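The values are calculated or read from the model by the stated rules, or taken from the named source; none is laboratory data. Being a predicted model, the structure only gives us computed values, none of them experimental. Please note: Cβ atoms are built from the backbone with ideal geometry, for glycine as well, and neighbour counts cover all protein chains shown. Heavy atoms of the whole protein, side chains included, go into the accessibility calculation; ligands, DNA and RNA do not. Shrake-Rupley method; radii C 1.70, N 1.55, O 1.52, S 1.80 Å.
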Amino acid sequence: MNKKDIAAIRKQFKLDTDLLTITDIYKVYIKQESSDIFHEESQPFSLLDREEQELFLTNFKKVLGGKLDMKLFEVKFQRQLEEQTDHTQRLLFEGLHTDDVEEWKADMQRITGKMVQDVQYEKDLVVTFIRGNYFKPTKRNQDESEVNVRDEVYTNPFILCSMNQTELPKRSLVFDFIEREFKSSMIADPIINLASPIGGFLFPCFTDSAADVNHILYAAGKANKPDIHFIENVLDGEEIMTAEDDKAVFEEIVKEVIGDEVNAQTLASVYEEINRMMDVEDEDKEEESIPTLDTKEMERVLKACGVQDVDAEKVEMAFQKVIDDETYEMKASHIVPSYTSKSIKISTKVANIAISPQDLKYVRQVNYNGKRCILIEVEEDTMIDGFKLIPEELLEQE
């Protein structure tokens, strides 16, 4: 799935839409002490009152929030496990297409069992499964009206899971209007934190209007912190790489090829070349695509930036040493600093400086009066806490 596919289905999790219907909801309460299923409850989603429906819809939308490869990850199912009866892909596929609600519940309960196996959660956990249909209108021609476009839609059944921790309410002082007295609150019911899901998934993945049952969209609770145990042992998925991982691999490969030392101009040229590659890719293709850097692209980028003594063999050896895979491809969007952070960090013992990637070419390390200094070329006055910095030459003249 790309970000457009995710955004398209995400925005339909709202009341009174005809482009997404939820047929069934199944909730499981898991006790933290024993990791046992303490309570389960299933019913048609339409039977929930509107306020409860809205709370859950907001929660499901949050599961699908965040950037790809940072909080959301398209995970491929492990093929070698597909013959197992409890393979998650099999359970989800069967649960998606059965007309028997009890069979669907049984399949989701088996997945829940895998969640609590060999895992101790910090707090009580509520796992919620829904299944329904996502409708996407066909592409409209110029001579078609808004009414025409709804006459023909793609129908995509789906299952979504949300995992939420519970919180005990804080004790507080309240005023009882009936008894006309102040008293401490006695509410002890745990509150389900629907605002901050700690994980979840969507099955199947959707690419444009086609379902991909060989992939599942996994949602992590925190950016760049996917639960690897959950992915491999609950979802039966293959290993994934985060945007942060890709960036680290890129940096290590560059070090292997050109060494640890590099001037700011070369580094700026590398980022500019990758940005240029992404811009060309966007212009050439109508649909969203993800340009990647393999050994050939890495060699081309470094040569284009004027790096000396770069050849295919040297780059392939670097890939092999760092990632142990000559066929590995890094997403270009992960390498550009503006994706993983808003700026590049220049770290020194005296101070840490943040600078945008496009301005890196104005930074140099120089020797001044026998000391190493960071020189930043500027075209305007430098301000520090509202004060204009006086140029050193002016001080010397005075």
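Annotations for the structure displayed:
- Taking the protein heavy atoms of the chain in the context of the full set of protein chains, the accessible area attributed to carbon and sulfur is 48 percent at 1.4 Å.
- From the alpha carbon centroid of region 217-262 to that of region 27-54 is 33 Å.
- In the list (1) 22.1; (2) 19.2; (3) 32.0, the label attached to mean projected area of the Cα convex hull in nm² as derived from the coordinates here is (3).
- Cα lying deepest toward the dipole's positive end in region 20-99, options Ile22, Gly65, Leu92, charges on Cβ: Gly65
- Tail fraction, Cα-Cα pairs, region 60-128, threshold 21 Å, whole percent: 44
- Working from Cα pairs under 8 Å separated by at least six residues, relative contact order for the chain is 14 percent.
- For q = 0.18 Å⁻¹, Debye-computed log10 I/I(0) when each Cα of region 199-306 counts as one equal scatterer: -1.05
- For region 1-74, the C-alpha radius of gyration divided by 2.2 N^0.38 Å, with N the number of residues, is 1.32.
- Listed pairs Lys183/Lys222; Lys62/Lys331; Lys3/Lys123; Lys61/Lys331; Lys114/Lys255 exceeding 30 Å between Cα atoms: Lys183/Lys222; Lys3/Lys123; Lys114/Lys255
- Of the three principal axes defined by the Cα atoms of region 143-269, the extents in descending order read 77, 56, 36 Å.
- Gaussian network model of the chain, springs between alpha carbon atoms under 10 Å - residue of Val174, Val315, Val336 with greatest fluctuation: Val174
- Helix screen, the chain: no DSSP H segment has Cα axial length of 18 Å or more and mean Kyte-Doolittle hydropathy at least 0.0.
- Look at the dipole of region 166-300 built from charges on Cβ: of Phe206, Leu168, Leu235, the Cα furthest out on the positive end belongs to Leu168.
- Per-residue SASA entry for His215, accessible area with 1.4 Å probe, Å² rounded to 10: 40
- Build a GNM of the chain with springs between Cα atoms under 10 Å apart, and of Cys373, Cys205, Cys305 the one that fluctuates most is Cys373.
- For the chain, size of Cβ-based charge dipole, Lys and Arg +1, Asp and Glu -1, in debye: 1140
- Here region 210-268 is treated as a Stokes sphere of Kirkwood radius computed over C-alpha pairs; at 25 °C and 0.890 mPa s its diffusion coefficient rounds to 171 µm²/s.
- Accessible surface for Lys255 stands near 90 Å², nearest 10, in the context of the full protein assembly shown (1.4 Å probe).
- Relative frequency of Cα-Cα separations exceeding 16 Å in region 1-126, percent: 72
- On the principal axes of its alpha carbon atoms, region 24-64 extends 33, 23, 15 Å, with the longest extent given first.
- For the chain, built as a Gaussian network whose Cα springs stay under 10 Å, the top-fluctuating residue of Gln120, Gln358, Gln308: Gln308
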